[in-house]
1. Under a point-charge model restricted to the Cβ atoms of Lys and Arg (+1) and Asp and Glu (-1), what is the dipole moment magnitude of the chain relative to its Cα centre, in debye to the nearest 20?
2. Separation between the residue 317 and residue 359 pseudo-spin-labels, each 7 Å from Cα along Cα→Cβ, expressed in nm?
3. How large is the direction-averaged shadow of the alpha-carbon convex hull of the chain, in nm²?
4. If I ignore ligands, DNA and RNA and count only protein heavy atoms, how much of residue 60 is accessible to a 1.4 Å probe, in Å² to the nearest 10?
5. Would you calculate the separation in nanometres between label points at residue 400 and residue 150, each defined as 7 Å from the Cα along the Cα-to-beta-carbon direction?
6. For the pair residue 378 and residue 157, how long in nm is the line joining their label points, each one 7 Å along Cα→Cβ?
7. Between their Cα atoms, which of 219/374; 22/374; 22/219; 219/316; 316/341 are more than 18 Å away from each other?
8. How long is the gain from residue 1 to residue 29 if the chain were fully straight, where each residue apart is worth 0.36 nm and the alpha carbon distance is subtracted?
Amino acid sequence: MINFQQLAQEYDTPLYVYDAEKIMEKYQSFYDAFDVHDLKIHYACKALSNLSILKLFKNMGAGLDCVSIQEVRLGMKAGFAAEDIIYTPNNVSEQEFDKAIEYGVKINVDNIQMLEYLGINHPGLPLCVRINPHLMAGGHSKISVGHIDSKFGISIHQMPLVNRIVRRLNIPVVGLHVHSGSDILDPDVFIKAADLIFSVADSFEDLTYIDFGSGFKVKYKEGGLYTNIEQFGKIFSERFNAFCKEIGKDLTLRFEPGKYMVSEAGYFLANVNVVKQTTACTFVGIDTGFNHLIRPMFYDAHHEIENISNPNGDQKIYTVVGYICETDTFGADRIINEVRKNDILVFRNAGAYCFSMASNYNSRYRPAEVLVYKGQDYLIRERETFEDLLKGQVEVELEAISQRSKKPIKSVH
Ligand SMILES: *Cc1c(COP(=O)(O)O)cnc(C)c1O
């Protein structure tokens, strides 16, 4: 059990806390769920990209999935070998691809224009092609990326064009990739996507792997729905093995889970500044806002909130809000043990897409991050300071007409 009260005291709030053992447990359960010739798990580091977290994944034997050249650089700094990094960007420049190629990471192409560019300018470079299977999947519309109008991937209907380019330029297509979005509840979506990929895979003779992306749903509340990874792994492995047998080739199976790996391992701690009774509800105002945890406001995400300072207090109904100067609701009408000034609230599922989406909006410092392992806590990111807000700013003082010299209005006698 992590002693949140003590961590809040030691490191102050707001504070992100990650449970290393939970991350290890999730990685292990994912790994064990599949029974295939060769499985490689590439942690999607946009979920949580602290170097110490990346190192933890490296030590477990994971690869990385990176969506920007900066994530690639972080991964290499954390010690990942270039060949264990998949670079899966969307709409980036040719220059950025060139940089990634220079680093030697695995290149994933998601549009025809780039396929042509890479085939012509980097002849012989092994590529992976991201296919959009046009399956409606994923939770919130902002995280559903595989549907017909989605900007991601090359349409499965354009495979004749892909094949033509590949043949003409002799591109070794070593991988096929599909990622349909986040929070996919129905494992059938993966199976359907797999069948579609299998149906086009035989035209790529250099194929050595298929990457099925991610989208595994995690439990956000009691009774909430989630992907049963053991069950999924079993069904999926059978399909995958059957396909390998069919084409007479032992392909590597790759996945890129982000949320599944770190969501549950994260906790976000905040201090109660104000308890305010209005005519409509009781607000709990805490020392943070959507600048530090945007998911509720951005995705309508649900994060369980507990009052760890008063676990036996009477349960009451509260609306928990932040300190940002616009609507900033973390949870409406939540049943929480009686909340008093300076109590510490803990948000659950704060590992994925929480710190990594934090900003300095309202000129606030981004929180500190702490990693807990075997009862020991390690500071893995310092709380920002005023200097961080100033960093990179260049002060220019324009000569403006001062408005201060207005004549005082004469008083009438
Ligand atoms: C975001 C993303 C992932 C991770 O998705 P999760 O839902 O966090 O598991 C994997 N692959 C790609 C290409 C992504 O963009």
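The values are calculated or read from the model by the stated rules, or taken from the named source; none is laboratory data. A quick note: this is a predicted structure, and the numbers were derived from the prediction, not measured. Positions of Cβ are backbone-derived with ideal geometry, glycine not excepted, and every protein chain shown enters the neighbour counts. Remember, those area values only see protein heavy atoms, side chains included, never the ligands or the DNA or RNA. Shrake-Rupley method; radii C 1.70, N 1.55, O 1.52, S 1.80 Å.
1. Dipole magnitude for the chain comes out near 940 debye.
2. Rounded to a tenth, the inter-label distance reads 3.3 nm.
3. Values: hull surface 111.9 nm².
One quarter of the hull surface, i.e. the mean projection, equals 28.0 nm².
4. Counting only protein heavy atoms, residue 60 exposes about 50 Å² to solvent.
5. The answer from the label model is 4.6 nm.
6. Using points 7 Å along Cα→Cβ, the separation is 5.0 nm.
7. Working: 219/374 24 Å; 22/374 11 Å; 22/219 14 Å; 219/316 24 Å; 316/341 15 Å.
Correct reply: 219/374; 219/316.
8. On the way: separation 28, 0.36 × 28 = 10.08 nm, distance 2.05 nm.
Computed gain between residue 1 and residue 29 is 8.0 nm.
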